[in-house]
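Below: one structure in C-alpha cells.
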Amino acid sequence: MGRFVVRMAGAVLLQWLPQQTGICASSVIIHGYKCLEIDVTTKDGYILNLQRIPQGRVASTETKNKPPALIQHGVLVDGMTWLLNPPEQNLPLILADQGFDVWIANTRGTRFSRRHTSLDPTQPEFWNWSWDQLVAYDLPAIFDFVYSETGQRINYVGHSLGTLLALASFSEGLQVDKLKSAALLSPIAYLSNMNTALGVIAAKAFVGEIVNAILGLAEFNPRGKPVTDFLNSLCANPGVDCYDLLASLTGKNCCLNASTVDLFLQNEPQSTSTKNMVHLSQIVRDGIIAKFNYGRPDFNLMHYGQIRPPVYNISNIPHDLPLFVSYGGNDALSDVRDVENLLDSFKFHDGDKLGVQFIKSYAHADFIMGINAKDIVYNQIVAFFKRQH
C-alpha cells in the first residue's frame, strides 16, 4: 500500500492507494462475483484496462448469449467510480445480477490505463490527446473487442464525459452497427449554462493563455502540485467556495453516503490530459460540439483541411437508435438548459426509442454514487435495455 498526502483546495486528505490491486480484486471479486481484468490496445498504441463481470453473484445456468453492457465513466475518474457503493446499490453489479455480461471501461491516462506500446506517461507525447481521440480510438477499440468476444450488439451506459463520447461517435455513424441501445446519465454535450463557479472560472482559465503559463503540463494530474496550486488559485476567486470540492464542481448532490464520498476521495480524481481539459473548456466558451480548436487557422487547416474545426452534428444520430437520457435538476455541470438543448436535437427521434427521465433533486455525482440510484435510475436502465431485446 502506498501512503501520501494530497492537499486539495486548502484541505488535507490522507490517501491510501493500493499500488497493484486491480479493480476486479478490490471491488468485485470480494463481493462474490467473477471478474476478469483485460487489456485492449487502441490503434494509436494506448493499452486500456477493462473489467468483465460475466455473470451475477448467483451464477445462472445460462451463461451464453448474455447481452453485453459496457459502462463508461466521466472525466477525472475511472471505472472504480461505479463500484463505490455496496453491490446491491452499484450499477455494474446490478446489471450483472440482471443477466447482463458487464464490461467496465477505463480511459487512457487513468491509473490502470497508463500504458502505451511505445510511449511513457512521463513523456509529453503520451498526453497529446483530447476527447476527439477517445472518440476515434478508445471507444472503437473497446466496442470492437466486446463485440468480437460476445458476438452481440452492446448496451452502452455513459456518465458525463462518457455521454459526450457516445454522442460524438454516434453522430458520425461510428459504433452504431455494434450498438443495441444507450443510456446517457448527466449528459454533457452543450455546456454553455454550466453554473459551478469553480467550473466556469476553470473553463475561462483553460481557454486562455493562462493554462500554459500556470501549468505548462501535458498531464493534468489533480493530485500533483502544479494542478493543486492552479485549483487553489481558482479557489481564491470571490464567490468560489472550495470547502466542499465535490459540490463546488458538480452541484449539490442530494443522496451521497459520507462513507462512499470518503471512498471516492481515496480513489479519485484521476489524471487526464491538459489538452482534454482545454477541449472541454472550448465547448463551454463556443457553445458548439466541435473537434479540438488549435487556436490558429493555419493549425486547424493543417489538421482538418479547414480553418474552423469540424462540428459533431448530434441530429445525425440515427432516429431509431434506442436512447435513454436521465438528468438532474441540481446538476451544475450538466445544466437543465443545456440538456434541453441536447434533447431538442432528438425532436425527430422515433418516439418509442427515446426515454427521458428528469430527477429534480439529483446533481452530477448522484447518478453514480446516489444511495437511491438503484430505485430511481438503474431499475429504469435495466427495464429500458430489456425492452430492446
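The values are calculated or read from the model by the stated rules, or taken from the named source; none is laboratory data. Treat the numbers as computed from the prediction; the structure is a model and nothing was measured. Positions of Cβ are generated from backbone atoms using ideal geometry, with glycine treated the same way; all protein chains shown enter the neighbour counts. Heavy atoms of the whole protein, side chains included, go into the accessibility calculation; ligands, DNA and RNA do not. Shrake-Rupley method; radii C 1.70, N 1.55, O 1.52, S 1.80 Å.
If amide H atoms are built 1.01 Å from N in the plane of the peptide, which residues on other chains or at least 5 residues away come under 5 Å of the amide H of Gln357?
Residues meeting the amide H criterion: Val325, Ser326, Tyr327.
Which entries in the list Lys347/Lys386; Lys66/Lys386; Lys353/Lys386 go over 18 Å, if you measure between the two C-alpha atoms of each?
Table pairs above 18 Å Cα-Cα are Lys347/Lys386.
Among Ala25, Ala166, Ala290, which one shows the highest mean-square fluctuation when the chain is modelled as a Gaussian network with alpha-carbon springs under 10 Å?
Ala25
Rounded, prolate or oblate: pick one for region 19-170, where a ≥ b ≥ c are the square roots of the eigenvalues of its C-alpha gyration tensor, a/c under 1.5 means rounded, and failing that, prolate if a/b is larger than b/c, else oblate.
Prolate, because a/c is 1.5 or more and a/b exceeds b/c.
Mind jotting down the distance between the C-alpha centroids of region 318-345 and region 164-192, whole Å?
11 Å
Also, I was wondering about something else. Rounded to the nearest whole Å³, what is the per residue volume of the convex hull around the Cα atoms of the chain?
Dividing the Cα hull volume of the chain by its residue count gives 131 Å³.
Using a/c under 1.5 as the rounded threshold, could you call region 23-72 rounded, prolate or oblate? The axes a ≥ b ≥ c are square roots of the C-alpha gyration tensor eigenvalues, and prolate needs a/b larger than b/c, oblate otherwise.
The shape class here is oblate.
Which percent of the accessible area of region 261-358 is formed by carbon and sulfur heavy atoms (probe 1.4 angstrom)?
53 percent
Give the residue from Asn106, Gln55, Gly239 lying farthest towards the positive end of the charge dipole for the chain; charges sit on Cβ (+1 for Lys and Arg, -1 for Asp and Glu) and the dipole is referred to the Cα centre.
Comparing the listed Cα positions along the dipole, Gln55 ranks first.
Using a Gaussian network model on the chain with a 10 Å cutoff between Cα atoms, which of Ser26, Ser273, Ser130 fluctuates the most?
Top of the fluctuation ranking is Ser26.
Moving to a separate point now. Which of the peptides 302-312, 47-57 is most tightly packed, and how do the rest follow, going by the mean number of other Cβ atoms within 10 Å of each residue?
With the highest mean Cβ count within 10 Å placed first, the list reads 47-57, 302-312.
Sort region 255-334 into rounded, prolate or oblate with this rule: let a ≥ b ≥ c be the square roots of the eigenvalues of the Cα gyration tensor; rounded if a/c is under 1.5, and if a/c is not under 1.5, prolate when a/b is larger than b/c, oblate otherwise.
oblate
Give me the number: length gained by fully extending Asp344 to Lys386, i.e. 0.36 nm times residue separation minus the C-alpha to C-alpha distance, one decimal in nm.
Stretched fully, the Asp344-Lys386 segment lengthens by 12.5 nm.
What whole-number value in cubic angstrom gives the convex hull volume per residue for the C-alpha atoms of region 264-389?
154 Å³
Now, a different point. Suppose all protein chains stay in the model; what accessible area per residue would a 1.4 Å probe give for region 43-114, in Å²?
Per-residue value: 31 Å².
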